[in-house]
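**Q** To start, I am sharing the structure in question, which I have written as structure tokens.
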Amino acid sequence: MVITISREYGSGGSEIGHKTAEILGVPCYDKTVTELTASLSGFPVETIANSEDKTSIGLDYSGYLYGYGLFGSNHYLPIYDRIFIAQSDAIAKLAKKGDCVIVGRCAAEVLAKQNVPSLNVFIHAPLDERVARLLSRHADITEAQAKRFIRKNDKARANYHKKYVFTEWGAMRNYHMTISSSIGIDKAAKLIADAVK
């Protein structure tokens, strides 16, 4: 079983993914996806890590999906498109190795295109809770700045999904489970693990 975790910024989705993996005794791929993508693409890890919520304003990924690049190459694509392609290859490789949890990076849609079954989960939380989580980690920002940062990142994730996998990020119909992290990180992870079992 492969579990994918998509999440609102500041909802604790990454923590829930790692906790779920711990309960099930399987690996959780978060930063690992970035590292494998770097090795497959040759792009620096930092560039890839910063690309998750960014899209190019160039050619559409659908051209690659259906034609696999101009004359079999994707070198003509903008950098973020090339990173997404390499990242998709990395996700597929990791998922095919065995049971795991994969956090972010359009993993659910990428795996669907690869015919790899997965349990797809979306983690959300009220804005005030997400702001509080951000403030607890970054003492140098204000509440207003935290709200702007959260909204900006959520919008970027929605645009990223729309461009690369043609889905509405956060829409309930696109996931098997949606969970509010308001119930607690441990309880959310247990719900997912119980669903798998």
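**Q** Could we say that residue 38 is on the phi < 0 side of the Ramachandran plot, in contact with a Pro (Cβ under 8 Å, 6 or more places away or on another chain), in a helix (DSSP H, G or I) and modelled with pLDDT of 80 or more here?
**A** no
**Q** Within segment 170-197, which residues are touching a strand residue (DSSP E or B) at 6+ places or on another chain (Cβ under 7 Å) and either assigned to a loop (DSSP other than H, G, I, E, B) or aliphatic (A, V, I, L, M) (or both)?
**A** 170, 172, 175, 176, 177, 179, 188, 191, 192, 195, 196
**Q** Taking the stated definitions as given, is residue 120 touching a His at 6+ places or on another chain (Cβ under 9 Å) and either under 17 Å from residue 17 (Cβ atoms) or open to solvent by 70 Å² or more (accessible area, probe 1.4 Å) (or both)?
**A** Spelling it out, residue 120 is indeed touching a His at 6+ places or on another chain (Cβ under 9 Å) and either under 17 Å from residue 17 (Cβ atoms) or open to solvent by 70 Å² or more (accessible area, probe 1.4 Å) (or both).
**Q** Suppose we filter segment 85-111 for residues that are of a type in the set (D, E, K, R) and either open to solvent by less than 10 Å² (accessible area, probe 1.4 Å) or in a loop (DSSP other than H, G, I, E, B) (or both); how many remain?
**A** 2
**Q** Looking only at segment 50-73, decide whether some residue is modelled with pLDDT under 85, open to solvent by 20 Å² or more (accessible area, probe 1.4 Å), among the hydroxyl-bearing types (Ser, Thr, Tyr) and within 21 Å of residue 174 (Cβ to Cβ).
**A** Taking every residue of segment 50-73 in turn, at least one turns out to be modelled with pLDDT under 85, open to solvent by 20 Å² or more (accessible area, probe 1.4 Å), among the hydroxyl-bearing types (Ser, Thr, Tyr) and within 21 Å of residue 174 (Cβ to Cβ).
**Q** Scan (1) free of Cβ contacts under 8 Å to residues at least 60 places away in the same chain; (2) more than 21 Å from residue 20 (Cα to Cα) for the single condition residue 131 breaks and write down its number.
**A** (1)
**Q** If you don't mind, another one. Can you run down the residue pairs with Cβ atoms below 8 Å, 6 or more apart or on separate chains, where the first is in segment 19-32 and farther than 10 Å from residue 100 by Cα and at pLDDT below 95 and the partner is of a type outside the set (Lys, Arg) and in a helix (DSSP H, G or I)?
**A** Cβ pairs passing all conditions: 30/14; 30/17; 30/18; 31/49; 32/94.
**Q** Quick check, is residue 115 touching a residue at least 60 places away in the same chain (Cβ under 8 Å) and either surrounded by fewer than 17 Cβ atoms within 10 Å (Cβ to Cβ) or polar (S, T, N, Q) (or both)? Show your work before the answer.
**A** Values: touching a residue at least 60 places away in the same chain (Cβ under 8 Å): no; either surrounded by fewer than 17 Cβ atoms within 10 Å (Cβ to Cβ) or polar (S, T, N, Q) (or both): yes.
For residue 115, the condition - touching a residue at least 60 places away in the same chain (Cβ under 8 Å) and either surrounded by fewer than 17 Cβ atoms within 10 Å (Cβ to Cβ) or polar (S, T, N, Q) (or both) - is not met.
**Q** If you take the residues in segment 144-197 that are among the β-branched types (Val, Ile, Thr), open to solvent by 30 Å² or more (accessible area, probe 1.4 Å) and under 17 Å from the mean Cα position of the chain (by Cα), which one is modelled with the lowest pLDDT?
**A** 167
The values are calculated or read from the model by the stated rules, or taken from the named source; none is laboratory data. These figures come from a predicted structure and were not determined experimentally. Positions of Cβ are backbone-derived with ideal geometry, glycine not excepted, and every protein chain shown enters the neighbour counts. When the accessible area is computed, the model is the full protein with side chains, heavy atoms only, and any ligands, DNA or RNA have been set aside. Shrake-Rupley method; radii C 1.70, N 1.55, O 1.52, S 1.80 Å.
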